[in-house]
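What follows is one structure encoded as structure tokens, with my remarks underneath.
The values are calculated or read from the model by the stated rules, or taken from the named source; none is laboratory data. Because the structure is predicted, anything quoted here is derived from the model rather than measured. Positions of Cβ are generated from backbone atoms using ideal geometry, with glycine treated the same way; all protein chains shown enter the neighbour counts. The area values use the complete protein model at the heavy-atom level, side chains included, leaving out ligands, DNA and RNA. Shrake-Rupley method; radii C 1.70, N 1.55, O 1.52, S 1.80 Å.
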Amino acid sequence: MIIDLDGTVYRGETPVPGARRGIDALREAGYTPCFFSNNPTRSAAGFADRLAGMGFDVDPETIRSAATVTTDYLTREHPDDRVFLIGSSGLRSLFEAAGLALVEDPEACDVLVASYDRGFTYDDMTAGLRALEAGAAFVGTDPDVTIPTDDGRSVPGSGAIINAVAGVAEREPDIVVGKPSGEALDAALAALSDPDECLVVGDRLDTDIALGERGGLTTVLVRSGVTDEHTLATG
């Protein structure tokens, strides 16, 4: 079973009502869930700590995220390339721990990675443009244009920043690594003991449910996150 986190298990720092009871019931029924967030700012251990603070006991080995999948992708596909990151300090730490070569000059990079960053500025967008003008590969961590918060409203996510850079450069990313990509699906299935019988649970049609459809898996949409009546009717 693949279970989304943001909007499915919690919103912001608040557990979704019934989520803990539901996860306990799944475990009692013999399921070992893989938790997968498109939040690209934390390591698996970081997510486990966050979940522990909300009362969930989750092994980091069962957690995947846009951050971990992007790190694995770059380590595999661009192991010796110079990377310029527009993203969070948490993602930068993951890249550094993996031994990726980060550079501060966008025109000196081989790969531009665009991701969620609360401090994103006009200068960052310009740096992204310069990197792509110089011929860098273009990698996005995840397509989530918005992310849910505690109060029920959404705020801009990675997709908004990726789209800003793509728009000014008039160039789409070469790959967006988080859900619903093939890389994300492979990473999630690798965490499961029996991937042939897998259920995907999440709150987004375009990422969670699309991930399940990509893999030919059964999907369950929950209404605790970003999908409202209008999105459901037109999605």
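The residue that is nearest to the chain's Cα centre (by Cα), counting only those in the stretch 58-68 that are open to solvent by less than 10 Å² (accessible area, probe 1.4 Å) and of a type outside the set (Ser, Thr, Tyr), is 66.
Evaluate the stretch 144-156: report whether one residue or more is over 30 Å from residue 19 (Cα atoms) and either of a type in the set (Gly, Ala, Ser) or touching a helix residue (DSSP H, G or I) at 6+ places or on another chain (Cβ under 7 Å) (or both). No, the conditions are met nowhere in the stretch 144-156. Summed over the stretch 25-53, residues that are in contact with a Ser or Thr (Cβ under 8 Å, 6 or more places away or on another chain) and assigned to a loop (DSSP other than H, G, I, E, B) total 8. Looking at 99, 55, just one residue is at pLDDT below 95, of a type in the set (Gly, Ala, Ser) and open to solvent by 20 Å² or more (accessible area, probe 1.4 Å), and that residue is 55. Exactly one residue among 89, 115, 93, 154 is open to solvent by 10 Å² or more (accessible area, probe 1.4 Å) and in contact with a strand residue (DSSP E or B) (Cβ under 8 Å, 6 or more places away or on another chain), and that residue is 154.
Based on this model, can you work out whether residue 164 counts as in a helix (DSSP H, G or I) and open to solvent by 20 Å² or more (accessible area, probe 1.4 Å)? For residue 164, the condition - in a helix (DSSP H, G or I) and open to solvent by 20 Å² or more (accessible area, probe 1.4 Å) - is met. Within the bounds of the stretch 167-180, is there any residue that is without any contact (Cβ under 8 Å) to a residue 40 or more places away in the chain, more than 13 Å from the chain's Cα centre (by Cα), outside any loop (DSSP other than H, G, I, E, B) and not assigned by the TED database to the domain that holds residue 42? Yes, the conditions are met somewhere in the stretch 167-180. Scan the stretch 112-133 and give yes if some residue there is touching a Cys at 6+ places or on another chain (Cβ under 9 Å) and not charged (D, E, K, R), otherwise no. Yes: the stretch 112-133 contains one or more residues that are touching a Cys at 6+ places or on another chain (Cβ under 9 Å) and not charged (D, E, K, R).
Every condition in (1) open to solvent by 30 Å² or more (accessible area, probe 1.4 Å); (2) closer than 21 Å to residue 221 by Cα; (3) assigned by the TED database to the domain that holds residue 6; (4) at pLDDT 95 or above holds for residue 143 except the one numbered (3). Of all residues in the stretch 183-209, those that are of a type outside the set (D, E, K, R), under 20 Å from residue 73 (Cα atoms) and buried (at least 20 other Cβ atoms within 10 Å of the Cβ) total 5.
Looking across the stretch 105-125 at every residue that is hydroxyl-bearing (Ser, Thr, Tyr) and in contact (Cβ under 8 Å) with a residue 24 or more places away in the chain, the one that is nearest to residue 174 (Cα to Cα) is identified as 115.
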